[in-house]
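Working notes, beginning with the structure itself.
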Amino acid sequence: MDLLVATEPMYSVELIVLADGGTFSAAFDLTFHLKRLGGRTLGVSPSQSPIGFTDSTPFELPNSRLSGSLSRTAVRYPGVPAEAGAMVMDFPMTWERYREYDFRPDAEVLFALEFFRSPDRQLPLGQRRGPHAP
């Protein structure tokens, strides 16, 4: 029985991963690894850093009622330099892009759909032809 090597693709697909500032934990892990495997990212960089702390335990001080959390695990994703801050998106949702979509809550989804409809699969800022496009 032949075993698949992890680096060999089983089939070819074009994958766009949507993310935003609320992409944390398992969603961040999945986004990070799909990007490493060739997927392209679209949206706002996740608030979670590829170098950081996870597996936190919440606490509350009984007298002051101050609350917080302590992380039990430090994480550094493979191939990420020590000075990394945020995941860099391949197609970032900038203020200008949100403006092109009238700041709709589903702007990332609309942008992704437009990306897939684009014949060359490239939509740098300014190529969109909506009502507020430059």
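As a summary of the residue check, residue 109 satisfies the conditions (1) among the hydrophobic types (A, V, I, L, M, F, W, C); (2) in a helix (DSSP H, G or I); (3) under 10 Å from the mean Cα position of the chain (by Cα) except for the one numbered (3).
Results for (1) closer than 20 Å to residue 69 by Cα; (2) among the polar types (S, T, N, Q); (3) buried (at least 17 other Cβ atoms within 10 Å of the Cβ), shown as yes or no for each residue.
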position	(1), (2), (3)
17	no, no, yes
28	yes, no, yes
32	no, no, yes
36	no, no, no
41	no, yes, yes
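Remark: residue 97 matches the filter, which requires a residue to be at pLDDT 80 or above and assigned to a helix (DSSP H, G or I). Just one residue in the set 94, 73 is free of Cβ contacts under 8 Å to residues at least 60 places away in the same chain, in contact with a Leu (Cβ under 7 Å, 6 or more places away or on another chain) and of a type outside the set (D, E, K, R); that residue is 94. Restricted to strands (runs of 3 or more DSSP E) entirely inside the range 12-75, those with at least 1 residues that are under 17 Å from the mean Cα position of the chain (by Cα) and modelled with pLDDT under 85 are 51-60. Between 64, 25, 56, 69, the distinction of being closer than 28 Å to residue 105 by Cβ and of a type in the set (S, T, N, Q) belongs to 25 only. Kindly provide the set of residues from the range 76-91 that are touching a residue at least 12 places away in the same chain (Cβ under 8 Å) and either farther than 19 Å from residue 44 by Cβ or hydrophobic (A, V, I, L, M, F, W, C) (or both), ordered by number. Scanning the range 76-91 gives 76, 78, 79, 80, 82, 84, 86, 87, 88, 89, 91.
The values are calculated or read from the model by the stated rules, or taken from the named source; none is laboratory data. This one's a predicted model, so the numbers in the text were calculated from it and none came from an experiment. Methodologically, a virtual Cβ is constructed for each residue, glycine included, from the backbone with ideal geometry; neighbour enumeration extends over all protein chains shown.
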